[in-house]
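Report on the structure given below.
Laboratory data are not the source of any read-out in this text; all were calculated from the coordinates shown. Worth saying up front: this structure is predicted, and the values here are computed from it rather than measured. Counting neighbours? That spans all protein chains shown, and the Cβs are built from the backbone with ideal geometry, glycine included.
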């Protein structure tokens, strides 16, 4: 049962008991959520940042490094629906605190791994702990964003993903630059960051209570929402393009246009920066257009721009400057689309379903991320990078078609 508030939204008819409080809306809570996302992403993306140090430490091949990363993503994906149910049932605050604690424990577990098998197990646990991120933070943003600024707030929160990834890269770059410490210290440093962030978050964020019961996600109910189904389907193709691009930027700059690995690393870092800018700008524009319709419109525009940019790479680029400029544009477009993607998703479902709905959306993105990179690598090895870039080009075309359907029905 609910009553109408002054701004026309629904509010609970009675206050929940047990010490839970509704989160105040404003940029302060949004900043706290973004800080949580940054710390959580630093812990998870330490798996990617540490590969250069783990490879010699465990005498790994390129394939076993890839398996290590895949296991982390698999643990992340498999745990999404359980954590989504926990968020819907018990509120985001508890899940976010438990998630950071789990990330810290798992990061320490990686640092203690004596064998490759133990390393894989710790990576899976780290990924599972990170599964708390999207369902919980999306619900938190829905509860905390200032009225009419939900898309911008979501974009700012999503910057925490790229900021955390960059922070992890900085930690392990510092470790690699000194002979006084090893990769073990890097994982323990991000674990300490997770503990500190959890303590600070507990002090400043109250959260919104859940339903009070743990239930299996009602995917059948979500399946009746045509706009939501189309958006989740589009997420698969967005994820495929995102992970294919992130996974091969460095190798493409080195092998495809004849530059160096070091320059490729700089380009990859720059795409993360432009991706962050894209998330903020896209969120602000979506707010101006309004609601789920605005978010769908902006996501559609970003996907269309990415389709053109990937097509340029597929047509063949020989200049390092041109390739770099196109990749920066891909950062603003498809890498910068995740914030408005989740804003659109949150606007299409009921508040009590956000956890499960986000879990399905992130699962779709992750599925694309697990399928596309091996296919891209195979095409690059057998037919060249021009042919390989046709894969994300086709993915963006499919995303454009699906997102156009979302926009019509939102």
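Just the number: Rg to Rh for the stretch 217-410, Cα atoms, Kirkwood Rh, two decimals. Dividing the radius of gyration by the Kirkwood radius yields 1.00.
Give the label of the value calculated from the structure for percent of Cα pairs over 28 Å apart, choosing from (1) 65; (2) 45; (3) 58. The value matching this structure is (2).
Take 26-33, 77-84 and order them by the average number of nearby Cβ atoms within 10 Å per residue, most first; the result is 77-84, 26-33. Comparing 135, 374, 392, which has the greatest mean-square fluctuation in the GNM of the chain with Cα pairs linked when under 10 Å apart? It is 374. Where does the stretch 226-316 land on the Kirkwood hydrodynamic radius, alpha-carbon pairs, in angstrom? Mean inverse Cα-Cα distance, inverted, gives 14.7 Å.
Output the peptides 95-105, 265-275 sorted from most to least packed, where packing is the average of other Cβ atoms within 10 Å over each peptide's residues.
Highest to lowest by the protection proxy: 95-105, 265-275.
Of all alpha-carbon pairs in the stretch 22-216, indicate the percentage at a distance above 20 angstrom. So the portion of pairs separated by more than 20 Å is 53 percent. Between the stretch 368-410 and the stretch 305-347, what's the alpha-carbon centroid distance in Å? That distance is 12 Å.
With the helix formula -39500 (n - 2.57) applied to DSSP H stretches of n ≥ 4, the chain reaches a computed 222 nm mean residue ellipticity of -25500 deg cm²/dmol. Highest GNM mean-square fluctuation among 297, 162, 382, for the chain modelled with Cα contacts below 10 Å: 382. Taking other C-beta atoms within 10 angstrom as a stand-in for reagent exposure, 137, 387 fall in the order 387, 137, fewest first.
Separation of the stretch 44-104 and the stretch 215-288, taken as the distance between their Cα centroids, equals 18 angstrom.
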